[in-house]
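Peer 1: Let me begin by handing over the structure; questions about it come next.
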Amino acid sequence: QVQLVESGGGLVQAGGSLRLSCAASGRTFSSYHMGWFRQAPGKEREFVAAINWSGSTTYYSDSVKGRFTISRDNAKNTVYLQMNSLKPEDTAVYYCTADKYRSNWADLAWRNWGQGTQVTVSS
């Protein structure tokens, strides 16, 4: 098990940027694949981005590709989500996820979830 704590959310104008961070507990962070999901009011939780354990491979949803960048620092037990060119439709609670074994990055069956951080993009 790993505990995840997100930070960095807030209110930003459309076109602006935010960087989310997710700090993980434990000494085995580097063995976990990491992901970001989001859930907007009245909508289902959806996949945003994922990164494999080493950081060598990343995955993005079509809606954020080219605007968001996921990265990790295994020495700091932290994964990041750099969000640029934000749009009002990016408004959601963003969740960090972790799992040692993933066959489908976009499904919701990740074993570990954070509590979420609110991102609000005003028009």
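Peer 1: Go through (1) touching a Leu at 6+ places or on another chain (Cβ under 8 Å); (2) modelled with pLDDT under 95 and name the single condition Leu86 misses.
Peer 2: (2)
Peer 1: Of the conditions (1) at negative phi; (2) touching a residue at least 24 places away in the same chain (Cβ under 8 Å), Thr57 fails just one. Which one is it?
Peer 2: (2)
Peer 1: Restricting to the range 1-37, give me the number of residues that are closer than 27 Å to Ser122 by Cβ, buried (at least 16 other Cβ atoms within 10 Å of the Cβ) and either at pLDDT below 95 or out of contact with any strand residue (DSSP E or B) (no Cβ under 8 Å at 6 or more places or on another chain) (or both).
Peer 2: Of the residues in that region, 0 qualify.
Peer 1: From the list Ala50, Ala92, Ala14, which residue is in contact (Cβ under 8 Å) with a residue 40 or more places away in the chain and in contact with a Pro (Cβ under 7 Å, 6 or more places away or on another chain)?
Peer 2: Details: Ala50 fails: in contact with a Pro (Cβ under 7 Å, 6 or more places away or on another chain); Ala92 fails: in contact with a Pro (Cβ under 7 Å, 6 or more places away or on another chain).
One residue alone meets the criteria, Ala14.
Peer 1: Please find, within the range 77-109, the residue that is surrounded by the fewest Cβ atoms within 10 Å (Cβ to Cβ) out of those that are touching a His at 6+ places or on another chain (Cβ under 9 Å) and assigned to a strand (DSSP E or B). Break it down into steps so the answer makes sense when it comes.
Peer 2: Narrowing the range 77-109 to residues touching a His at 6+ places or on another chain (Cβ under 9 Å): 97-102, 105.
When the remaining residues are screened for being assigned to a strand (DSSP E or B), the result is 97-99.
Working: Thr97: 25, Ala98: 25, Asp99: 18.
So, considering only residues that are touching a His at 6+ places or on another chain (Cβ under 9 Å) and assigned to a strand (DSSP E or B), the one surrounded by the fewest Cβ atoms within 10 Å (Cβ to Cβ) is Asp99.
Peer 1: Here is a further query. I need the full set of residues from the range 38-57 which are aromatic (Phe, Trp, Tyr) and either open to solvent by 50 Å² or more (accessible area, probe 1.4 Å) or in a loop (DSSP other than H, G, I, E, B) (or both), in order please.
Peer 2: We begin by selecting, within the range 38-57, every residue aromatic (Phe, Trp, Tyr); these are 47, 53.
Trp53 - this is the single residue of the range 38-57 that is aromatic (Phe, Trp, Tyr) and either open to solvent by 50 Å² or more (accessible area, probe 1.4 Å) or in a loop (DSSP other than H, G, I, E, B) (or both).
Peer 1: Further question: Determine, yes or no, whether Ser63 is surrounded by fewer than 18 Cβ atoms within 10 Å (Cβ to Cβ), polar (S, T, N, Q), under 19 Å from Trp105 (Cα atoms) and modelled with pLDDT of 95 or more.
Peer 2: Here the answer is yes, as Ser63 does meet what is asked.
The values are calculated or read from the model by the stated rules, or taken from the named source; none is laboratory data. Keep in mind that what you see is a predicted model, and the values were worked out from it rather than measured. Every residue, glycine as well, gets a Cβ built from its backbone with ideal geometry; the counts of neighbours run over all protein chains shown. Protein only, heavy atoms only, side chains kept; ligands, DNA and RNA dropped before computing areas. Shrake-Rupley method; radii C 1.70, N 1.55, O 1.52, S 1.80 Å.
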